Amino acid sequence: MARVFNWQLGREMSYWYPESRPKRQFAAVFDINKCIACQTCTLACKTTWTSGKGQEYMLWNNVESKPYGCYPLAWDLKLMEMLDGQNWEGRRYDGRTLFESAPAGERVNGWRPESQDYAYPNVGEDDCTGQVDKGASLMTPHMNWFFYLARICNHCTYPACLSSCARGSIYKRPEDGIVLVDQQRCRGYQDCVKGCPYKKIFFNPMTGTSEKCIACYPKVEQGVQPQCFENCIGKIRLGGWISRPEQARADNPIDYLVHIRKIALPLFPQFGLEPNVYYIPPINVPPAYLTQMFGPGVEQAVAAYKSAATDKDLAGLLCLFGSTERIVTRWSRQGDIVTGTEENGSVVMRVPLNEPVHVRPAYDRLYQIARVNCP
Ligand code: SF4
Ligand code: SF4
């Protein structure tokens, strides 16, 4: 085992390979508060990449309702039990990661789902934590609550799938940090399926190999966001590039949200993988539950998110979500206009901070028609 630095844990940790970060790391921010569980992302991915034989059960992108939803069944509950205590001292994780708690002779503390664990991808959908009384009014945090968690592969900095594979069939691309399976090398041992705690790598019984989310790398190579980002109805997703904390730039959208405003947090950082999908936590959920899921920065992140109402920079950047198919690498705000640019400096999007409102009469005298649901 090597010693590597994991900034999400605030300390060094053990990992099978020495630290080797890519030239740049693909990353994303998902705003949970905006997800409506329409599953358009799930279908956009499914029809693009996993419509073949042996892939029927695979959802490289899935959306589950928390606290009761899970795909595969109980994936997160099992990990919570296996970690056996998770202690944070401020922003430093003092518990053991999945690498540090691995049984003797194994590289990762993992488990492999049975085929029936994948059979109920919508289990717990829209189930809230209790009965909603008749006449109850909306308030936060809700007395009863649920939220939607959209999940893809996190293209982790320290992938457990990669370190689990004794055959060396999984690799992290040095140019963008995207994690891929070499289909020619893979022999279907499925140690990766056991090792990935997020259960985002899948065995294909027809090909005898493991398959996973590829971050739509042919699109990313063209400066375009992945299918599940581009098709997101709720505009909850922003793709881009993340720097190490000490190299964070305020004009990089992902850096600004993750490192500078600390409004977006990793999913189960205590696993130790340094995942690269970051979540803006829901504002309607008790902090204790969210802290277990996103680490100790939850209350600060929720407070920062709520401050967007009076913070033009933050509100402006949040307006860029879903505004363009292109990957925005730099952003700025002048007055009420937010601008997103590509790496070469060309402007890909200008978004007004406040959408102009046009009120039209319900009856249009010119065309002699009545408008319905027409703002
Ligand atoms: S498309 Fe967007 S809003 Fe719809 S379920 Fe997926 S992440 Fe949520
Ligand atoms: S989420 Fe799982 S499949 Fe994706 S890189 Fe991390 S360990 Fe590998």
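The stretch 126-220 gives an Rg/Rh value of 1.22, both radii derived from C-alpha positions and Rh following Kirkwood.
Classify the stretch 57-99 as rounded, prolate or oblate, taking a ≥ b ≥ c as the square roots of the eigenvalues of its Cα gyration tensor: rounded when a/c is under 1.5, otherwise prolate if a/b is larger than b/c and oblate if not. Prolate, because a/c is 1.5 or more and a/b exceeds b/c.
For I337, the residues whose modelled amide H falls within less than 5 Å of its own, excluding neighbours fewer than 5 places apart on the same chain, are L353.
An oblate overall shape is assigned to the stretch 306-365, the ratio a/c of its alpha-carbon gyration tensor axes (a ≥ b ≥ c) being 1.5 or greater and a/b not exceeding b/c. The alpha-carbon atoms of the chain define a convex hull whose volume equals 175 cubic angstrom per residue. Scanning residues 5 or more positions from W145 or on other chains, those with amide H under 5 Å from its amide H are T129, G130, with H placed 1.01 Å from N in the peptide plane. For the chain, what relative contact order do you get, as a whole percent, if you take Cα pairs closer than 8 Å and at least 6 residues apart? Once divided by the residue count of the chain, the mean separation gives 20 percent. Each peptide among 58-67, 290-299, 183-192, 78-87 gets the average number of other Cβ atoms lying within 10 Å of its residues, and from highest to lowest they stand as 58-67, 290-299, 183-192, 78-87. About its Cα centre, the chain has a charge dipole of approximately 580 debye under the convention of +1 per Lys or Arg Cβ and -1 per Asp or Glu Cβ, with nothing else charged.
Neighbours of G10, meaning other residues whose beta-carbon lies under 12 angstrom from its beta-carbon, give a summed charge of -1 when Lys and Arg score +1 and Asp and Glu score -1. Within straight-line reach of K66, meaning a Cα separation under 19 Å, sit the following lysines at least 8 residues removed in sequence or on another chain: K34, K78, K199, K200.
All other residues whose Cβ lies under 12 angstrom from that of T48 are scored, Lys and Arg at +1 and Asp and Glu at -1, for a net of +1. Converting phi to 3J(HN,Hα) with the Karplus coefficients 6.51, -1.76 and 1.60 and the offset θ = phi - 60°, the stretch 192-209 yields 5, 4, 5, x, 5, x, 7, 6, 10, 9, 10, 8, 9, x, 7, 9, x, 10 Hz in sequence order, with x at every glycine or proline. At 1.002 mPa s and 20 °C, plugging the Kirkwood radius over alpha-carbon pairs of the stretch 250-375 into Stokes-Einstein gives what diffusion coefficient in µm²/s? For these conditions, the coefficient is 126 µm²/s. In this structure the amide hydrogen of V224, modeled in the peptide plane, comes within under 5 Å of the amide hydrogens of I327, none closer than 5 places in sequence on its chain. Extending 7 Å from Cα along the Cβ direction at R112 and again at E12 yields two label points whose distance is 3.4 nm.
Note: relative contact order over the stretch 173-225, using C-alpha pairs below 8 Å and six or more positions apart, is 33 percent.
Values quoted throughout were computed directly from the atomic coordinates according to the rules given, and no laboratory measurement underlies them. If you're wondering where the values come from, they're calculated on a predicted model, not measured in any experiment. Counting neighbours? That spans all protein chains shown, and the Cβs are built from the backbone with ideal geometry, glycine included.
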